[in-house]
Amino acid sequence: MKILGIGNAIVDVICKVEDKYLLDNELTKSTMKLVGEIEFKKLLSTLKIEDTVSGGSVANSIVGLSQLGNKVGFIGKVNDDDLGQKYEDGLKKEDVKYFYSKKKESLATGTCLILITPDSERTMCTFLGTAGKINNNDVDINSVKNSEMIFLEGYLWDEGDPKSAFDKAINNSNKVSMSLSDLFCVERHKSEFLNLVKNKIDITFANEQEITSLIDAKNFTEIINFGKELKKTIIITRGEKGSVAINKGMVTECESKKNLKILDLTGAGDLFAAGYLHGYINNLTVQESLEKGTEMSSKIIQQIGARLF
């Protein structure tokens, strides 16, 4: 198998809202907020659902890789409930091998409200449910060892059980890639993430905001210098400024696509990672890999949701 993704198995619930809705509910635009079940249900009761999709950041990337013809798999914890079954069916429909046997859990399958404002930005409220309780027993060690690479998400990392799952996967992997996921994650786990990036991760994906926070950079030159000293690969997305790969001291840049009809930025980073990793595992150049990432992210932001169709 080419790539095994390990991440939060989250069902995305997509809703359109006005900016006032975010203000009224004290939500910060373009960020992800973890909420409890009560708050989640309260928010959900005030919204009109546009669509429901099997989601989660790394799962979105893995589906993108599958759609590009790669043999891929995924590990993520769900409950043996209606949403858990929908989640599994959604992955199998996309030809992704699911290496997790669901069982009855005390918590429901994880769910994420994706609130899309008129400017196409997405603000997320996530009830992790049983997804956030993943532990080392949930990681199929053979599927890790039989994959050329694992792809992890920052959203998944947390003290306790999730960390044990992370460690088991990393310690048995052939190569490790990871997305920092969100500014919220970076600021919550800064020292742990910096240690992972420096010592455990072969390819790190981050947007400019996340990497700036991770290393407390004052400008982009400091980020470039950090990447050069690292002797690993860091891929940085910069929105309209395009993307940058820092690989073995070399800096490669790629422009963003212009004049796009942007509908929803959900999944832009996830599909960018899918495109880049597709290039990497199929021996394309760094430039070609960045271009594939740009192509994939450009497609996804011109439709609603984080799955290409």
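The values are calculated or read from the model by the stated rules, or taken from the named source; none is laboratory data. Just so it is clear, the model here is predicted, and its values are computed rather than measured. Using ideal geometry, Cβ is built from the backbone for each residue, glycine included, and neighbour counts are taken over all protein chains shown.
Observations on the model:
- Restricted to region 37-59, and to residues there that are part of a loop (DSSP other than H, G, I, E, B) and in contact with a strand residue (DSSP E or B) (Cβ under 7 Å, 6 or more places away or on another chain), the residue that is surrounded by the most Cβ atoms within 10 Å (Cβ to Cβ) is G56.
- Qualifying residue in region 147-155 (condition: touching a residue at least 60 places away in the same chain (Cβ under 8 Å), over 25 Å from C185 (Cα atoms) and not small (G, A, S)): yes
- Cross-chain or 6+ apart pairs with Cβ under 9 Å, region 8-25 first and closer than 24 Å to D270 by Cα, then small (G, A, S) and surrounded by fewer than 24 Cβ atoms within 10 Å (Cβ to Cβ): N8/G132; V11/G90; D12/G305; I14/G305
- Of all residues making up region 15-32, the number that are buried (at least 17 other Cβ atoms within 10 Å of the Cβ), modelled with pLDDT of 90 or more and under 20 Å from the mean Cα position of the chain (by Cα): 1
- The C-beta contact set for region 247-261 (first residue under 16 Å from G275 (Cβ atoms), second residue surrounded by 11 or more Cβ atoms within 10 Å (Cβ to Cβ) and modelled with pLDDT under 80, distance under 8 angstrom, 6+ apart or interchain) comprises L260/I301; L260/Q302.
- Considering (1) under 19 Å from L152 (Cα atoms); (2) free of Cβ contacts under 8 Å to residues at least 60 places away in the same chain, the lone condition that N207 does not fulfil carries the number (2).
- Selection count where residues are over 20 Å from E94 (Cα atoms) and either of a type outside the set (S, T, Y) or outside any helix (DSSP H, G or I) (or both), scope region 261-281: 5
- Residue in region 243-260 that is at pLDDT 95 or above, assigned to a helix (DSSP H, G or I) and acidic (D, E) present: no
- Residues that are assigned to a loop (DSSP other than H, G, I, E, B) and either of a type in the set (A, V, I, L, M, F, W, C) or within 17 Å of F127 (Cβ to Cβ) (or both), drawn from region 9-25: A9, V17, N25
- Residue in region 107-130 that is crowded, with 19+ Cβ neighbours inside 10 Å and closer than 23 Å to D202 by Cα present: no
- Scan of region 85-108 for residues that are closer than 24 Å to D182 by Cβ and part of a helix (DSSP H, G or I), ordered by number: Y87, G90, L91
- Being surrounded by 15 or more Cβ atoms within 10 Å (Cβ to Cβ) and either over 18 Å from the mean Cα position of the chain (by Cα) or at pLDDT 95 or above (or both) holds for only one residue in K168, K163, and it is K168.
- Among residues of region 249-272 being among the charged types (D, E, K, R) and touching a helix residue (DSSP H, G or I) at 6+ places or on another chain (Cβ under 9 Å), the one that is surrounded by the fewest Cβ atoms within 10 Å (Cβ to Cβ) is K258.
- Criterion violated by I62 - all others in (1) part of a helix (DSSP H, G or I); (2) at pLDDT below 95; (3) crowded, with 21+ Cβ neighbours inside 10 Å satisfied: (2)
- For region 86-106, the set of residues classified as surrounded by fewer than 18 Cβ atoms within 10 Å (Cβ to Cβ), closer than 17 Å to A165 by Cβ and in contact (Cβ under 8 Å) with a residue 12 or more places away in the chain consists of K103, E105, listed by residue number.
- Pick from region 283-302, criterion in contact with a Gly (Cβ under 9 Å, 6 or more places away or on another chain) and outside any helix (DSSP H, G or I), ranking: farthest from E121 (Cα to Cα): T285
- Residue in region 286-300 that is β-branched (V, I, T), more than 25 Å from V13 (Cβ to Cβ) and surrounded by fewer than 24 Cβ atoms within 10 Å (Cβ to Cβ) present: yes
- Residue in region 74-85 that is on the phi > 0 side of the Ramachandran plot and crowded, with 17+ Cβ neighbours inside 10 Å present: no
- Test: residue in region 111-121 that is on the phi > 0 side of the Ramachandran plot and touching a residue at least 60 places away in the same chain (Cβ under 8 Å): yes
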